[in-house]
Amino acid sequence: MIEQALNPATLQNLKAHLHGELIGPNDCGYDANRKVWNGMIEKYPALIVLCADVVDVISAIQFARDHHLLVAVRGGGHSISGSSVCDGGVVIDLSHMKGIRVDPGQQTAWAQAGFTLREFVQATQAYGLATTTGTVGGTGLAGLTLGGGLGWFMGKYGLTIDNLLAVDLVTANGQVLRASASEHPDLFWGVRGGGGNFGIVIAFKFQLHPIGPVLAGKIVYPVECAREVLRFYREYTRTAPDELTVYASLATTPAGLRTIAISLCYCGSLEEGEHAVAPLRSFGTPLADLVRPRSYLKMITQADLGAPAGRSYYEKASTLSDLSDEAIEALVAYGSACTSPWSQVLIQHVHGAASRVGPTETAFALRSESYVISIVAAWDEREASQTNQHIEWTRACWRAIEPFANSGVYVNFLGDEGEGRVRAAYGVNYERLGALKNRYDPHNVFARNQNIKPTLQGSSSHVTAENISYQVAFYKRRERVAYSCQIY
């Protein structure tokens, strides 16, 4: 069937319907476009569709369905699991779709799915506005949002999905839907944490907030102080105001020094921030105090230096209700014995507004105040012979922490870990998500994700050229953002 799908006449017909670019294994740029951020991922798709607009997205879905090809959807291509690329299938690449419309009066933004966080923040900060995003500028906006969106402003403004007002989405049947609190509210509930299971989101509408300079940075201590620092961190975060989000990490400096660091961002007034940070500044004898006022854009851009594209990454994650002394012992034991200088153990404190949303109000169920633990092994090609060692370090650390963990896990930190872990990520919401999958993607066209498997085989609605024309015309009539590539 793949050979039939890839015959020259068939490909030429697909190409004629695209406004973007079609790339195959023999085309210039194939290797560059099949690569994703995680250098550990080596996949060879049959076709890559570099979409320019919604027409291309619908055409690519139609082609994949007609020829029974696996579909992978790429926004930023930043996931550790590498779900945005596949072997032998079609990659629907949205990375060239970067239209954005910022409304400073309403403090909202419509943004297409090709944005990285760096690009999105740069566009909104031009108006002194921002919303909760992740911590690394190179992360894709779409993947982060659909999985929930932990970030520096979650204490004050909630997760990224808590600031999501609407999405435009193409279903497996080629329909273009807008989902919001008033339109397809069941679908809107599902995309806020349910990942790419229900369709391809091509645009997002966000609530923005006034954000000027933030008080941010890290205070670094030698790893020998790790137990004392993490105990202090535990007490410090218990009383943190909403404006202050604080992480901790066990990592190695570029100079090769093993350290424990407390990183923070205060998004209120700088004067109040200095008062909130004062207890941290006076604790112990740090190696460096790097906390200072800076722009939010600079903050997330600097984080890219620690997570460059092309390096190999492997991750395991857990969620803890509290940092017990026993959990701290396990974290310190493994965090101070990383097998690569690029590896780290990261602790993110989820609190404030993010924890005041009910677990069933969105598909994202991990709403209690908690500590999300991310164990990330990272290595470059010079350490390729030690790949198994780095992976085993990650798994051993995870096993040591699991006795103290909750059953839930942040879906954006999941690798290819099986249905049980996906169920754990969604907890009480899994059955409702399964019902949505039955309705919107009963044939599991969108399976390259943390997959919610359908339990029904619904009727197949064929995507026709007439349907594409109708959907696009409807989309244009509503003046949707996919046809507005200006920054207002």
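The values are calculated or read from the model by the stated rules, or taken from the named source; none is laboratory data. Keep in mind that this is a model prediction, so the values were computed, not measured. Here the Cβ is made from the backbone with ideal geometry for all residues, glycine too, and neighbour counts use every protein chain on show. Quick note on the areas: whole protein, heavy atoms, side chains included, nothing else; ligands and nucleic acids left out. Shrake-Rupley method; radii C 1.70, N 1.55, O 1.52, S 1.80 Å.
Against the condition surrounded by fewer than 16 Cβ atoms within 10 Å (Cβ to Cβ) and either free of Cβ contacts under 8 Å to residues at least 60 places away in the same chain or closer than 26 Å to Gly155 by Cα (or both), how does Arg399 come out, does it pass? Judged against the criteria, Arg399 is a match. Considered as a group, the residues in the range 23-53 that are of a type in the set (A, V, I, L, M) and touching a strand residue (DSSP E or B) at 6+ places or on another chain (Cβ under 6 Å) include one that is nearest to Gly137 (Cα to Cα), and that residue is Met40. Among the residues making up the range 344-382, those that are among the charged types (D, E, K, R) and either open to solvent by 60 Å² or more (accessible area, probe 1.4 Å) or touching a helix residue (DSSP H, G or I) at 6+ places or on another chain (Cβ under 7 Å) (or both) are Arg356, Glu361, Arg367, Glu369, Glu381, Arg382. Among the candidates Pro341, Pro279, the residue that is farther than 30 Å from Pro185 by Cβ, surrounded by fewer than 20 Cβ atoms within 10 Å (Cβ to Cβ), free of Cβ contacts under 8 Å to residues at least 60 places away in the same chain and of a type outside the set (A, V, I, L, M, F, W, C) is uniquely Pro279. Consider Gly143 carefully, then state whether it is in contact with a Gly (Cβ under 7 Å, 6 or more places away or on another chain), crowded, with 24+ Cβ neighbours inside 10 Å and outside any helix (DSSP H, G or I). In short, no.
If you go through the range 308-338 and keep only what is open to solvent by 20 Å² or more (accessible area, probe 1.4 Å), of a type in the set (A, V, I, L, M) and part of a loop (DSSP other than H, G, I, E, B), you end up with Ala309, Ala337. The criterion of being without any contact (Cβ under 8 Å) to a residue 24 or more places away in the chain, within 24 Å of Ile202 (Cβ to Cβ), out of contact with any Cys (no Cβ under 7 Å at 6 or more places or on another chain) and among the hydrophobic types (A, V, I, L, M, F, W, C) holds for Ala32. Do the conditions hold for Arg423, that is, is it open to solvent by 10 Å² or more (accessible area, probe 1.4 Å), outside any loop (DSSP other than H, G, I, E, B), without any contact (Cβ under 8 Å) to a residue 12 or more places away in the chain and of a type in the set (Lys, Arg)? Spelling it out, Arg423 is indeed open to solvent by 10 Å² or more (accessible area, probe 1.4 Å), outside any loop (DSSP other than H, G, I, E, B), without any contact (Cβ under 8 Å) to a residue 12 or more places away in the chain and of a type in the set (Lys, Arg).
Annotation note: of Val201, Val220, the sole residue that is out of contact with any helix residue (DSSP H, G or I) (no Cβ under 8 Å at 6 or more places or on another chain), part of a strand (DSSP E or B) and not acidic (Asp, Glu) is Val220.
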